[in-house]
Amino acid sequence: MGKTLTEKILSAHLMEGSLEKGTPIGIRIDQTLTQDATGTMAYLQFEAMGLPRVKNELAVSYVDHNTIQVGFENADDHRYLQSVAASKGVIYSRPGNGICHQVHLERFGKPGSTLLGSDSHTPTGGGLCMIAIGSGGLDVAVAMAGRPFHLIAPKVIEIRLKGRLRAWVSAKDVILAVLEHFTTKGNVNCIFEYTGPGVSTLEVPERSTICNMGAEAGVTTSLFPSDENTLRFLKGHSRVEDYTPLAPDADASYDDLFEIDLSSLEPRVAQPHSPDNIVLVKDIAGKKVDQVLIGSCTNSSYVDMKKVADLLDGNVVHPSVSLGIAPGSREVFMMLANDGSLAKLIKSGARILESACGFCIGNHQSPGSEGVSLRTNNRNFEGRSGTKSAQVYLVSVEVAVLGALTGKITDPLSDHGFPYPTCSVPEKFLVDDSLLIFPPEDGSSVEIIRGPNIGDPPKNTPLKENLTGVVTIKVGDKITTDHIMPAGARLKYRSNIVEYSKYVFEPVDPSFASRCQENQKQGRANFIVAGSSYGQGSSREHAAICPMYLGVQAVIALSIERIHQNNLCNFGIIPLTFRDKDDYAKLEMGDELVLEDIRSQIGKSEVQLLNKTRGIAIPLSCDITSEQHSMLLAGGLLNVLKEKI
Ligand code: MIC
Ligand code: SF4
């Protein structure tokens, strides 16, 4: 039987296990990427491993998240990242060079390779036919040490595309249609593989937009073949040597099939507060808009931005709308400057923002109270914009610009009177690597500079025989890592666990941290109880490290998302799931819990939890791999690695 493209790339990188779906495997990681908000921890952890230099083929450290620099903390992080990169053999992409995923596509992505990144949108690389996976920083540190990355051999879901997108309908609408079908729940350990005749009608930046938001569905990654369009993109970046044609076998068999006819697709929008809350744009047309933001790693390529400039050309942004535009990279920025597009944007009244994550992570541009914001990025979780009452809608660049011009949500297929801005991928891009700093051959004499906000990663202790404690918080479904560890104004504490820990669950229950500390003082463990899809969204391992620091010993949920489950195990927090979903109702905040003989229980198929307050036993599952089992016993991966590296 023929092979899927996923199977081909995974089997070429297999180091442990066999590609039997649902079983644990270890793969070789060719390339790694980090960004500053997760990168400081990743490099501190790499330093703790005591290796002089990274061992994987290519490691890049990007600075794109924390670029606001109110106070000294961010700048100190950048200085640390630059020095540790030079010392350990990592390429450093300076602030101003652009968003990690966009720059990685332009300069480093290579068809057929594996990429592990400490950012959940690393799958953007699937647009260049890479198996590109998001993970916590510690997993990336381990991959930089040349060790395999562990995952569950995924199911491969075929998404077959036919036809061609009409004018005004774009790649964003394709992924919104995928999210409408698959939702953000229940896709753990799957890969979306795009096939069919429609594939060749999509260029690399469009494919990358689609792969980028696959992250919202919770899949391991998404993948497009490597073909003529891939070659053209690489050629345009003077990287023909990185090209290999790659496709699935004609008789490959898949685990599931979803078909999309591009020709009949209609523009969509994800309504507040979830990327899968999807309706057709025409169904909410007319809604008044206060703010429009265009950019982020989802939609900030040159073609996206050029379309925006051509649509805005000769017009002025509607008086009741604030329009912000952040080109995805310095390459995109320079191309817009050279071809006159930047002048069109400025003239229209758009506010030009830095090539960085900025608004997408709630660093700035928070909407006014109850403000309606149209954004081209990928996440609209409640409060992520920095304004809890804001209503954030995720849309294509076409819908965003029309909103900025008309002051209301406008169906691009309606009779709005604006001409369609045709724009194709250029044959030649403006390549300029002057903001990349390549490390010296020998970095051993480079001084690593740490500012006062940068602390050592905290250590956990080996798992105790019995865990006795209380339910410190009970939350519902779809709790994201943004709920657990807020970004925005708190982002500057990413390198300071003691300080950052004060804000665990701040958006949900600001007194959580102090309750945890009170329990810690009394020698009681803290337990988190949650509904389904706990830990969705960002890969930030702080959503495990900070709770660990506050004495959280276990999470008991209806289901836990892949990256977060790995992060929990990496830091010695036990991930437990209810065997019977009705038992979720049998645990309440403040209940006294006991996990007896837990060191031996976690190796078994069923774990018994005693709810002492109610006098009942609740059966739980602990679905972990043998690696994760060792980590939990040792109190985290760093403790295990001490013996191995
Ligand atoms: C995000 O989009 O949520 C982030 C911010 O890029 C995160 C990483 C982080 O929290 O630092 C992600 O996607 O993993
Ligand atoms: Fe940055 Fe937003 Fe992309 Fe995350 S999703 S990497 S914050 S642009």
Under 24 Å Cα to Cα from Lys642, which lysines show up? Leave out anything in the same chain fewer than 8 places away. Lys55, Lys88, Lys459, Lys464
Mind listing which trypsin sites (Lys or Arg not before Pro) in the range 581-627 are in a DSSP loop and have 15 or fewer other Cβ atoms within 10 Å? Lys604, Lys612, Arg614
Determine the gain in length on full extension of the stretch Val279-Gln69; use 0.36 nm per residue of separation and subtract their C-alpha separation, reporting nm with one decimal. 71.9 nm
Computed Kirkwood radius, in angstrom, where 1/r is averaged over Cα pairs of the range 401-522: 21.3
Rounded to whole Hz, the Karplus (6.51, -1.76, 1.60) HN-Hα couplings of the range 469-474, x for glycine and proline: x, 9, 6, 8, 8, 10
For the chain, what does the helix formula give at 222 nm: sum of -39500 (n - 2.57) over DSSP H segments with n ≥ 4, over the residue count, nearest 500 deg cm²/dmol? -8000 deg cm²/dmol
Could you check what % of the DSSP bridge pairs in the range 544-629 are antiparallel, to the nearest 5? 70
15 Å beta-carbon shell around Lys172, net charge (K/R +1, D/E -1): -4
The answer for Leu116, listing residues at least 5 apart or on another chain whose modeled amide H is closer than 5 Å to its amide H, is Gln31, Thr32, Leu33, Ile133
So, counting K/R as plus one and D/E as minus one, what does the shell of residues with Cβ under 14 Å around Cys190 add up to? -3
Considering just Cα atoms, how many Å³ per residue does the convex hull of the range 335-489 enclose? 276
Against the empirical 2.2 N^0.38 Å scaling, what ratio does the C-alpha Rg of the range 44-101 come to? 1.17
Antiparallel bridge percentage (DSSP; both residues within the chain; nearest 5): 30
To make sure I understand the rule: partners must be lysines, Cα under 21 Å from the Cα of Lys581, and not fewer than 8 residues away in the same chain. Which ones qualify? Lys185, Lys474, Lys478, Lys604, Lys612
Can you tell me the dipole magnitude for the range 602-645 around its Cα centre, using point charges on the Cβ only (Lys, Arg +1; Asp, Glu -1), in Debye to the nearest 20? 200
Residue-normalised accessible area of the range 24-98, given per residue in Å² at a 1.4 Å probe: 27
Express in whole angstrom the spacing between the alpha-carbon centres of the range 3-82 and the range 112-181. 15
Any residue on another chain or 5+ positions along whose placed amide H is under 5 Å from the amide H of Ile278 is listed here as Gln271
The simple spin-label model distance between Glu370 and Asp432, using points 7 Å out along Cα→Cβ, in nm, is 4.6
Hey, what's the range 394-449 come to in accessible area per residue, 1.4 Å probe, Å²? 49
If each K or R counts +1 and each D or E counts -1, the residues other than Lys344 whose Cβ falls under 9 Å of its Cβ total -1
Per the 1/(1 + (r/R0)^6) rule, R0 = 56 Å and r from the Cβ atoms of Thr422 and Lys581, FRET efficiency to 0.05 is 0.65
Out of Thr183, Val529, Ser539, whose Cα points farthest toward the positive end of the dipole of the chain (charges: +1 Lys, Arg; -1 Asp, Glu; placed on Cβ)? Val529
If you roll a 1.4 angstrom probe over the protein chains with everything in place, what fraction of the accessible area of the range 19-117 belongs to carbon and sulfur, to the nearest %? 48
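The values are calculated or read from the model by the stated rules, or taken from the named source; none is laboratory data. Please read all numbers here as calculations on a predicted model, not as lab measurements. Positions of Cβ are backbone-derived with ideal geometry, glycine not excepted, and every protein chain shown enters the neighbour counts. To get the accessible areas, we keep the full protein, side chains included, count just its heavy atoms, and leave off ligands, DNA and RNA. Shrake-Rupley method; radii C 1.70, N 1.55, O 1.52, S 1.80 Å.
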